[in-house]
Amino acid sequence: MAYQLRQVSLPLLPVGAKDIQILHFSDLHLTPGRKREIAVIKGWAKLTPDLVVSTGDFLAHREAVGLALNALNELLDIPGLYVFGSNDYYAPKFKNPLSYLRKDTGERNLGEKLPIEPFDKELQNRGWINLNNKRVSITINGSNIDVRGTDDAHLDLDEYKRIAGKKSGDLSIGVTHAPYSRVLDAMAKDEIDLIFAGHTHGGQVRVPWIGGTRSLTTNCDLPNWRSRGLTKSGLDPYLHISAGMGYNPFTPIRFLCPSEASIVTLTSQYDYA
């Protein structure tokens, strides 16, 4: 399958710190038969990141647990952080694609419940850290990183108050699936440095616009201009949103919005002095 590797650098580490390369992916939406997507995912280990961050929606079918574990097998040998999205808990159902363009009313059309528990258990057994409404400290390349995450805000499973508190360590990272303003604002209040999210699919269908393209929707209350890539608003944290690899199996269309993964390289502030 055709996909792009988005690359960006941020000078967020203390002076003299060693660079940290983070592989960020999201929204795999795996279903049986996605052999080309699985092959691409398996190849990501060759990028040799120092840390992997997944912002959810690994699954889209009850038979996808084994497929996802196979696709991620080599990456699971690398330190990793993850949260879940709505399609990790419930399979998607068909709905009018135009409904994505309407304001989010909070109504959810959920499919059958998926076997997320064995998938979660295996990810943790391999050493990845579940950040659903959790906060921990990790050390990567000598830098101490305060990491925290929320469960899926699209399903109202986020409980940021359980992990709230001012940042600590050399760097602070927030991880969430759906970048609703209540989650971003809460993390901004705690002065998080960088937030990773997914869910938007980059708009999935984009239109030509001045300087590039523009998404029609974010499927949440995030402004459209922030639907993919690295953005910043005022003094708020940097926000990096992956447009994702997959899509809802009932709407297998991407227009001017290729599947993607990202390498976010965190560098020493000294390098930019």
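The values are calculated or read from the model by the stated rules, or taken from the named source; none is laboratory data. Since this is a predicted model, take the numbers as computed values, not measurements. Positions of Cβ are backbone-derived with ideal geometry, glycine not excepted, and every protein chain shown enters the neighbour counts.
Filtering the range 238-268 to residues that are surrounded by 17 or more Cβ atoms within 10 Å (Cβ to Cβ) and in a loop (DSSP other than H, G, I, E, B) leaves Ser242, Ala243, Gly244, Met245, Gly246, Tyr247, Asn248, Pro249, Arg254, Cys257. Of all residue pairs spaced 6 or more apart or on separate chains, those with beta-carbon atoms under 6 Å, a first member in the range 115-138 that is on the phi > 0 side of the Ramachandran plot and a second member that is at pLDDT 95 or above and surrounded by 17 or more Cβ atoms within 10 Å (Cβ to Cβ) are Asn133/Thr150; Asn133/Asp151.
Looking at the range 13-22, is at least one residue closer than 26 Å to Asn70 by Cβ, surrounded by 13 or more Cβ atoms within 10 Å (Cβ to Cβ) and not hydroxyl-bearing (Ser, Thr, Tyr)? Looking through the range 13-22, at least one residue is closer than 26 Å to Asn70 by Cβ, surrounded by 13 or more Cβ atoms within 10 Å (Cβ to Cβ) and not hydroxyl-bearing (Ser, Thr, Tyr).
Against the test of being within 30 Å of Ile140 (Cβ to Cβ) and at pLDDT 95 or above, the options Thr218, Thr265 yield a single qualifying residue, Thr265. If the condition is being assigned to a strand (DSSP E or B) and among the small types (Gly, Ala, Ser), then the range 182-228 contributes Ala197, Gly212, Ser215.
Take Thr231 and tell me if it is within 29 Å of Ala45 (Cα to Cα) and surrounded by fewer than 18 Cβ atoms within 10 Å (Cβ to Cβ). It would help to see each step written out before you state the result.
On the way: within 29 Å of Ala45 (Cα to Cα): yes; surrounded by fewer than 18 Cβ atoms within 10 Å (Cβ to Cβ): yes.
Answer is yes for this residue.
Within the range 91-118, being surrounded by fewer than 20 Cβ atoms within 10 Å (Cβ to Cβ) and either modelled with pLDDT of 95 or more or in contact with a helix residue (DSSP H, G or I) (Cβ under 8 Å, 6 or more places away or on another chain) (or both) holds for Arg108, Leu110, Lys113, Pro115, Ile116, Glu117, Pro118.
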